[in-house]
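The values are calculated or read from the model by the stated rules, or taken from the named source; none is laboratory data. The model shown is predicted, which means the values in this text are computed figures rather than measured ones. Cβ atoms come from the backbone with ideal geometry, glycine included; neighbour counts cover every protein chain shown.
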Amino acid sequence: MRQLVRKSVKQLVLAMGSLSLLVTIAFAQEMQKQPATPKAKPAKAKAAMPTSDADIQKCIQDRFANSPSMKDKPPTVSVSGGVATITGEAKNGGQKGAATRSAKSCGAKEVKNEMTVAAKMKK
């Protein structure tokens, strides 16, 4: 009787293993048939990138004027040949970096950030 039970259990385990293998193979084949395309996000309408030096300079100045941290004392900007030069005083290194990123996002080919960082006052 025990041998019969053992034989039945072995057959059951073998059948379950075979079934699992077949399901895995079928699933893998089905996944290969479907193209792996990520869900596309709707494209945002981008404004045209400024191309002339005057347009780039105006764009940068507008960004500085609209920036809460820079509108009190905006840096000076000049653009020549697509190269933006920024001068003035930044409150901290983060503000100086933000000025560089703003200039690049307005279409400047290169940015020379000559801003100085204000010294921290000791308490």
Next on the checklist: Take the residues in the range 59-68 that are out of contact with any strand residue (DSSP E or B) (no Cβ under 9 Å at 6 or more places or on another chain) and in contact (Cβ under 8 Å) with a residue 24 or more places away in the chain; name whichever of them is farthest from MET49 (Cα to Cα).
Outcome noted: SER67
Item to check | Filter result for GLN11 (in a helix (DSSP H, G or I), surrounded by 10 or more Cβ atoms within 10 Å (Cβ to Cβ) and either in contact with a Cys (Cβ under 8 Å, 6 or more places away or on another chain) or at pLDDT 90 or above (or both)) | outcome: no
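Results for (1) surrounded by 13 or more Cβ atoms within 10 Å (Cβ to Cβ); (2) assigned to a strand (DSSP E or B); (3) without any contact (Cβ under 8 Å) to a residue 40 or more places away in the chain; (4) within 25 Å of the chain's Cα centre (by Cα), shown as yes or no for each residue.
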residue: VAL77; (1), (2), (3), (4): yes, yes, yes, no
residue: THR85; (1), (2), (3), (4): yes, yes, yes, no
residue: GLN95; (1), (2), (3), (4): yes, no, yes, yes
residue: ALA98; (1), (2), (3), (4): yes, no, yes, yes
residue: LYS104; (1), (2), (3), (4): yes, no, yes, yes
residue: GLY107; (1), (2), (3), (4): yes, no, no, yes
residue: LYS112; (1), (2), (3), (4): yes, yes, yes, yes
residue: LYS120; (1), (2), (3), (4): no, no, yes, no
Item to check | Enumeration of residues in the range 51-69 that are surrounded by 15 or more Cβ atoms within 10 Å (Cβ to Cβ) and not in a loop (DSSP other than H, G, I, E, B) | outcome: ASP53, ASP55, ILE56, GLN57, LYS58, CYS59, ILE60, GLN61, ARG63, PHE64
